[in-house]
Amino acid sequence: TNHDGKLSLDEILDGIKKVYPKMTDEEATQLFKEADIDNSGHIDYTEWISATINKKRLLSDKNMKAAFNTFDEDGSGKISLDEIKKILGNRKIKQSTWDKIISDVDENGDGEI
């Protein structure tokens with residue numbers, strides 16, 4: 001790599017040939033295109049993480065329940081804005097931003113998730 005903080009198709013092809021010698025250039029190019037979300041011709045760090053993370057394992061029922069329970073401190077089965085603030089830290093964030101966090105996912109309009 002040229003250490004510019006992003007991966008070109010050529011860099012990906014070189015790396016894949018070393019790790020997966022049986023993968024064709026066409027297969028590697030297809031993987032590159034799928035990972036290059038913004039079609040910039042390069043894969044940046046965020047795109048790399050998105051492409052390589054094991055979403056199925058990360059988003060398993062067990063992990064989702066554990067994450068939910070971390071926020072649901074009172075065990076009510078719901079996550080309140082106060083619980084979110086407590087976990088994320090009540091930084092200098094405008095109340096309107098906090099309200100938007102809840103409203104974006106509050107399906108029944110009760111102010112909780």
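The values are calculated or read from the model by the stated rules, or taken from the named source; none is laboratory data. Bear in mind the structure is a predicted one, so any value in this text is a computation, not a measurement. We place every Cβ from the backbone using ideal geometry, glycine too, and count neighbours over all the protein chains shown. SASA here: full protein model, heavy atoms, side chains in, ligands and nucleic acids out. Shrake-Rupley method; radii C 1.70, N 1.55, O 1.52, S 1.80 Å.
Give me the dipole magnitude in Debye, nearest 20, for the chain about the Cα centre, with unit charges on the beta carbon: positive for Lys and Arg, negative for Asp and Glu.
420 debye
Tell me, what ³J(HN,Hα) does each residue in segment 91-99 have, in order and in whole Hz, if you take phi through Karplus 6.51 cos²θ - 1.76 cosθ + 1.60 with θ = phi - 60° and put x for Gly and Pro?
In residue order, the calculated couplings are 5, 6, 10, 4, 4, 5, 5, 4, 4 Hz.
Residue 79's amide H: which non-local residues (gap 5+, or another chain) put their own amide H closer than 5 Å, with H modeled 1.01 Å from N in plane and none for Pro or chain starts?
113
Under a 1.4 Å probe, what is the accessible area of the chain per residue, stated in Å²?
78 Å²
Nearest 0.05, what FRET efficiency do residue 87 and residue 34 give at R0 = 35 Å with Cβ-Cβ as r?
It comes to 0.60.
If I compute Rg/Rh (Cα atoms, Kirkwood Rh) from the structure I just sent, which labelled value in (i) 1.16; (ii) 1.33; (iii) 0.95 lines up?
Computed from these coordinates, Rg/Rh (Cα atoms, Kirkwood Rh) corresponds to label (i).
Calculate for the chain the 222 nm mean residue ellipticity that helices alone would give, adding -39,500 (n - 2.57) per DSSP H run of length 4 or more and normalising by residue count, nearest 500 deg cm²/dmol.
-16000 deg cm²/dmol
Percent of accessible area on segment 8-57 owned by carbon and sulfur, 1.4 Å probe?
So the carbon and sulfur contribution to the accessible surface is 56 percent.
If you count only protein heavy atoms and use a 1.4 Å probe, how large is the accessible surface of residue 4, to the nearest 10 Å²?
Roll a 1.4 Å probe over it and residue 4 shows about 70 Å².
Rounded to whole Hz and in sequence order, give me ³J(HN,Hα) for segment 104-113 from the Karplus expression 6.51 cos²θ - 1.76 cosθ + 1.60, θ = phi - 60°, writing x for Gly and Pro.
Running phi through 6.51 cos²θ - 1.76 cosθ + 1.60 with θ = phi - 60° gives 5, 10, 7, 6, 10, x, 8, x, 9, 9 Hz.
Each residue of segment 26-40 in order: what ³J(HN,Hα) in whole Hz does its phi give by Karplus 6.51 cos²θ - 1.76 cosθ + 1.60, θ = phi - 60°, with x for Gly and Pro?
So the Karplus estimates, Gly and Pro as x, are 5, 5, 5, 5, 5, 4, 4, 4, 5, 7, 7, 4, 8, 6, 7 Hz.
Of 68, 5, 109, which is farthest along the charge dipole of the chain in the positive direction, counting Lys and Arg as +1 and Asp and Glu as -1 at C-beta?
The residue sitting farthest along the positive end of the dipole is 68.
Heavy atoms only, 1.4 Å probe, whole protein assembly: order 112, 73, 26, 107 by accessible area, highest first.
107, 26, 73, 112
So what is the relative contact order for the chain, in percent, with contacts set as C-alpha pairs under 8 Å and at least six apart?
17 percent
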